[in-house]
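We did not get these values from a lab; they are worked out from the coordinates using the rules stated. Keep in mind that what you see is a predicted model, and the values were worked out from it rather than measured. Heads up, the Cβs are rebuilt from the backbone with ideal geometry, glycines too, and the neighbour counts pull from every protein chain shown.
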Amino acid sequence: MGIAVQVDRVSKSYGKKTVLQDVTLQMRQGQIYGLIGPSGAGKTTLVKMLVGMERADTGKVNVLGEAMPNLKLLQDIGYMAQSDALYTELTGEENLTFFASLFKLGKEAKRERIAYASELVNLSGELGKRVAAYSGGMKRRLSLAVALIQNPRLLILDEPTVGIDPSLRVSIWNELLRLKEEEGKTIVVTTHVYLK
């Protein structure tokens, strides 16, 4: 398998606060990686660099063979932020339809991906409700569905199971393992909790 992510001597500061210093790592395609550490350790800053939302002060970040940031790669990267980025005045289905349209999915592909993603996160029966009426856990699940909507090669999940009940959390981890095993997805997960 090839290299999905290459981070070479990356540093990042905000003002006088150094968040990342001389970080080097490599992630192979088709694997699951965890970035584990306490709040403030720089996990979110690093994943934002992988997505192209932040630039390193020094060093290089390459994703799927391309230097980041790179707009061409948006189709290939699914990103679930630590904070939900949803349109609360829309329904769950309208949110998924909107995000699917950003990736220019055809009508049938859009329908299939919405059905798949909503089933995965156990929201199929809730898609007609406005997101404003969703619980915090439901919003996290919808955010995960949005990250999966375009069938990305690289999935980056920042604290994906915070606020999700334990039984659904197990189901989501099992599906992430399936995505790795059967579809060869590369998955990067941040957490402040050690995972077994």
Legend entry - Among beta bridges that DSSP assigns inside the chain, antiparallel share in %, nearest 5: 55 percent
Legend entry - Residue (of LEU157, PHE98, VAL131) at the positive-pole extreme of the chain, dipole from beta-carbon charges: LEU157
Inset, instruction - Name the shape class, rounded, prolate or oblate, that the alpha-carbon gyration tensor gives for the range 70-120, where a ≥ b ≥ c are the square roots of its eigenvalues, rounded holds for a/c under 1.5, and otherwise prolate holds if a/b is larger than b/c and oblate otherwise. - result: oblate
Inset, instruction - Would you work out the charge dipole size for the chain about its Cα centre, treating the Cβ of every Lys and Arg as +1 and the Cβ of every Asp and Glu as -1, and quote it to the nearest 20 debye? - result: 360 debye
Legend entry - Summed residue charge, Cβ within 12 Å of THR91's Cβ, Lys/Arg positive, Asp/Glu negative: -2
Legend entry - C-alpha center-to-center spacing [the range 172-193, the range 89-146] in angstrom: 19 Å
Inset, instruction - Determine the shape class of the range 35-95: with a ≥ b ≥ c the square roots of the Cα gyration tensor eigenvalues, call it rounded for a/c under 1.5, and otherwise prolate if a/b is greater than b/c, oblate otherwise. - result: oblate
Inset, instruction - Among the lysines, select those whose C-alpha is under 19 Å from the C-alpha of LYS60, and discard any that sit fewer than 8 residues away in the same chain. - result: LYS12, LYS43, LYS48, LYS72
Legend entry - Listed peptides 136-143, 31-38, 112-119 by packing density, highest first (mean Cβ within 10 Å): 136-143, 112-119, 31-38
Legend entry - Calculated log₁₀ intensity ratio I(q)/I(0) where the Debye formula runs over C-alpha points of the chain, q = 0.12 Å⁻¹: -0.59
